[in-house]
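To start, the structure itself, in structure tokens.
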Amino acid sequence: MFLSRLRWLGWCLMISALSLSAGCSNMLTQQAVNRFTHSLKEKDVAGLKLAVSQRFEERALRRKEAMKDLELLKIPTGKAKIVEVEELSKDEVHAKVEVGSKDSARDVTFVLTRDPKIHRWVVDDVTLKQDTGRGEVSRSVIEQLDLVMSVRDFIDAWKSGEPSQILATSSPELRTHLEPLPPIWLKQLATQVSEQTPAQKSLRPDARIK
């Protein structure tokens, strides 16, 4: 009888510990999501960089236009409610989140990683549903912003007329055609291209990755 009670008590303690652990994990996940959505809503670039991983910052926030391009993706920034947390490892979780009011809530998936420097969860990527005209598909925010940043880098390189910058932003196939050109010819070509390219301030990209 005594041993049975000990086993029952042990099971109760284990279940309580698991519940507390899950609750703590959800709370930390909620805090990480809130930091991201709040910084995005307030257009706080410094706060946003503290809320995301190094990978996110290097690929998606590397240019000064990053916040403007983030706004074009229409990432919801209302009240966030954690629906489900999937632990892929001790350092990575996927959180399904409802963002916004009940009538207009959007489902967003946050990929969170544990930052080894500050020892807390940060946003490593955000997945949004996008209508392609043939149905909805999920798109990575990092991939879309990285694409937009690359286009901006390409425009800056051609407007500069510097051969090294132009070649650095060109694909291997394009580079094989450009490298043999004398520098003065390449600069003339760059001038023609830049004259037909809109200024960065007027550029309104719409990244659609297929």
Considering every residue within region 24-37, establish whether at least one is within 21 Å of the chain's Cα centre (by Cα), at pLDDT 90 or above and part of a helix (DSSP H, G or I).
-> yes
Hey, could you check region 175-188 for residues that are open to solvent by less than 60 Å² (accessible area, probe 1.4 Å) and assigned to a helix (DSSP H, G or I) and say which is nearest to SER150 (Cα to Cα)?
-> LEU178
Right, GLU179: more than 29 Å from the chain's Cα centre (by Cα), on the phi < 0 side of the Ramachandran plot and without any contact (Cβ under 8 Å) to a residue 12 or more places away in the chain or not?
-> no
If you go through THR191, THR169, the only one that is open to solvent by 60 Å² or more (accessible area, probe 1.4 Å), β-branched (Val, Ile, Thr) and modelled with pLDDT of 85 or more is THR191
Any chance region 103-118 includes a residue that's of a type in the set (D, E, K, R), buried (at least 17 other Cβ atoms within 10 Å of the Cβ) and within 16 Å of LEU70 (Cα to Cα)?
-> no
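Looking only at region 95-107, decide whether some residue is under 22 Å from LYS49 (Cβ atoms) and free of Cβ contacts under 8 Å to residues at least 40 places away in the same chain.
Scanning region 95-107, I find no residue that is under 22 Å from LYS49 (Cβ atoms) and free of Cβ contacts under 8 Å to residues at least 40 places away in the same chain, so the answer is no.
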Per-region count, region 28-87, residues surrounded by fewer than 18 Cβ atoms within 10 Å (Cβ to Cβ), charged (D, E, K, R) and closer than 18 Å to ARG120 by Cβ = 5
Residues of region 81-101 being within 17 Å of the chain's Cα centre (by Cα) and at pLDDT below 85, which ones?
-> VAL99
Which is part of a strand (DSSP E or B), crowded, with 21+ Cβ neighbours inside 10 Å and at negative phi, of VAL137, VAL148, VAL126?
-> VAL126
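The values are calculated or read from the model by the stated rules, or taken from the named source; none is laboratory data. Owing to the predicted nature of the structure, the values given are computational and were not obtained by experimental measurement. With ideal geometry, Cβ positions are generated from the backbone for all residues, glycine too; neighbour counts draw on all protein chains shown. To get the accessible areas, we keep the full protein, side chains included, count just its heavy atoms, and leave off ligands, DNA and RNA. Shrake-Rupley method; radii C 1.70, N 1.55, O 1.52, S 1.80 Å.
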